[in-house]
Amino acid sequence: MGQMRGKASLAFERPPVILSSGSVAGSKEGQGPLGPFFDRVETDDRMGEDSWELAESAMQRQAARIALKKAGLFPADVRYAFAGDLLGQLIATSFGNLDLAVPLFGLYGACSTMGEAMGLGAMTVAGGFGDRVLAMASSHFATAEKQFRFPLAYGNQRPLSATWTVTGCGAVVIGAGTEPAADRGNGCGVRLPSTCGLARIAGITTGRLVDVGARDSMNMGAAMAPAAFHTIEQNLEDFGVDESWYDRIVTGDLGEVGSRILLDLMREKGRDLSGIHMDCGVEIYDKEKQDTHAGGSGCGCSAVTLCAQILPRLQDGTWRRVLFVPTGALLSTVSFNEGQTIPSIAHGVVLEHID
């Protein structure tokens, strides 16, 4: 009970630590600003497999093994895996994790899945139910287009509000911290040896479903921005802080359209995020050189950006505290074709530099 904060947050007394990360990205992502920082960039987006779906599964295997190798671990050293993707029945995750033989919780939070996986993984470690867990999420442009939009060969026109599904997978290994948290009035924080990991997970804020009646599947940013707004507001309320407590508040894949909406919503509440907000969907592609319209999206968008950009800046102390908020639009081909609206969700993870 002592770790609960407000309506939807937890502040861990012994914050779990991100021990290592692994990122695998596709060719288009490798040509973007973060290309040099991915662990592996595939020049063949089919990755030698017979289908796009098998290629996405291969990315999950690669990212998991990279993260485990960096931590000096084998799959048998991991208690649980929390992983997901965008495909029906989570087939990229199911087939991708077969060879790892790690007890698996398959997750679907749409593009918020990396935040959901990290939150559940951190709770598992902090609660003493596992000493090391794997959190992972993936997406693939070709598999997502085939499932949610049009066949690739169709060559349809994309509106400017549309985002480009990231081909990539990010994985992190989460382990136990070593010392109890210091009392700083907000329930977060712990001093750990600098060699123990990339960053600590000081707390989480679990998002709730938000439905503003959006129906345009080509404008996911507009559908997801209200969910991001709610989770950020809930986090600040639960921890009793304002936005200046964070060096960065990072959303998952709102893109340019959703980011503008989020900033407007925060401004209406008297909060100015303009100097600290960052969106993974905006960061991952070069707007001037790559034709991605509003930016990037997909489970892999926030996952690979976390591994390639956010965690390194936390590790070296450039940023001391980050609120990582992957965002997800919870539609399916069935719900869309039946004329349903697009509910959304966002999960917050409080990441801190390890002193």
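A few notes on this one:
- Looking across the stretch 1-26, the residues that are under 25 Å from Leu68 (Cβ atoms) and either without any contact (Cβ under 8 Å) to a residue 40 or more places away in the chain or aliphatic (A, V, I, L, M) (or both) come down to Val17, Ile18, Leu19, Val24, Ala25.
- Matching residues, the stretch 8-43, being within 19 Å of Thr165 (Cβ to Cβ), touching a Phe, Trp or Tyr at 6+ places or on another chain (Cβ under 8 Å), small (Gly, Ala, Ser) and outside any loop (DSSP other than H, G, I, E, B): Ser23, Ala25, Gly30
- When Leu263, Leu311 are checked against the criterion of being touching a residue at least 24 places away in the same chain (Cβ under 8 Å) and buried (at least 17 other Cβ atoms within 10 Å of the Cβ), a single residue qualifies: Leu311.
- So Val133, is it at pLDDT 90 or above and within 26 Å of Val282 (Cβ to Cβ): no
- Scanning the stretch 320-355 for residues that are surrounded by 23 or more Cβ atoms within 10 Å (Cβ to Cβ) and of a type in the set (Phe, Trp, Tyr) gives a single hit, Phe324.
- The residues in the stretch 338-355 that are in a loop (DSSP other than H, G, I, E, B) and touching a Ser or Thr at 6+ places or on another chain (Cβ under 8 Å) can be counted, and the count is 4.
- The stretch 252-282, residues that are in contact with a Phe, Trp or Tyr (Cβ under 9 Å, 6 or more places away or on another chain) and among the β-branched types (Val, Ile, Thr): Ile261, Ile276
- Summed over the stretch 257-270, the residues that are assigned to a helix (DSSP H, G or I), over 20 Å from Ala329 (Cα atoms) and of a type in the set (Lys, Arg) give a count of 1.
- The number of residues in the stretch 71-88 being out of contact with any Phe, Trp or Tyr (no Cβ under 9 Å at 6 or more places or on another chain) and either at positive phi or surrounded by 20 or more Cβ atoms within 10 Å (Cβ to Cβ) (or both) comes to 4.
- Asp39 vs. criteria surrounded by fewer than 24 Cβ atoms within 10 Å (Cβ to Cβ), farther than 30 Å from Gly128 by Cβ and touching a residue at least 40 places away in the same chain (Cβ under 8 Å): yes
- Residue in the stretch 276-286 that is under 24 Å from Leu351 (Cα atoms), over 20 Å from the mean Cα position of the chain (by Cα) and without any contact (Cβ under 8 Å) to a residue 60 or more places away in the chain present: no
- Residue check, Val210 modelled with pLDDT of 50 or more and over 16 Å from the mean Cα position of the chain (by Cα): yes
- The condition (being closer than 14 Å to Phe229 by Cβ, out of contact with any Lys or Arg (no Cβ under 8 Å at 6 or more places or on another chain) and of a type outside the set (D, E, K, R)) is satisfied by just one residue among Gly296, Gly258: Gly258.
- Some residue of the stretch 249-271 being at pLDDT 95 or above, more than 26 Å from Ala135 (Cα to Cα) and among the small types (Gly, Ala, Ser): yes
- Filter result for Thr113 (within 14 Å of Leu87 (Cβ to Cβ), at pLDDT 95 or above and buried (at least 20 other Cβ atoms within 10 Å of the Cβ)): yes
- Some residue of the stretch 248-265 being more than 29 Å from Thr167 (Cα to Cα) and either acidic (Asp, Glu) or not assigned by TED's automatic domain parsing to the domain that holds Ala329 (or both): yes
- Residue that is surrounded by the fewest Cβ atoms within 10 Å (Cβ to Cβ) [pool: residues in the stretch 239-256 that are touching a helix residue (DSSP H, G or I) at 6+ places or on another chain (Cβ under 8 Å), among the charged types (D, E, K, R) and not in a helix (DSSP H, G or I)]: Asp242
The values are calculated or read from the model by the stated rules, or taken from the named source; none is laboratory data. What you see is a predicted model; the values in this text were computed from it and never measured. Don't worry about glycine lacking a Cβ; one is built from the backbone with ideal geometry, like all the others, and counts go over all protein chains shown.
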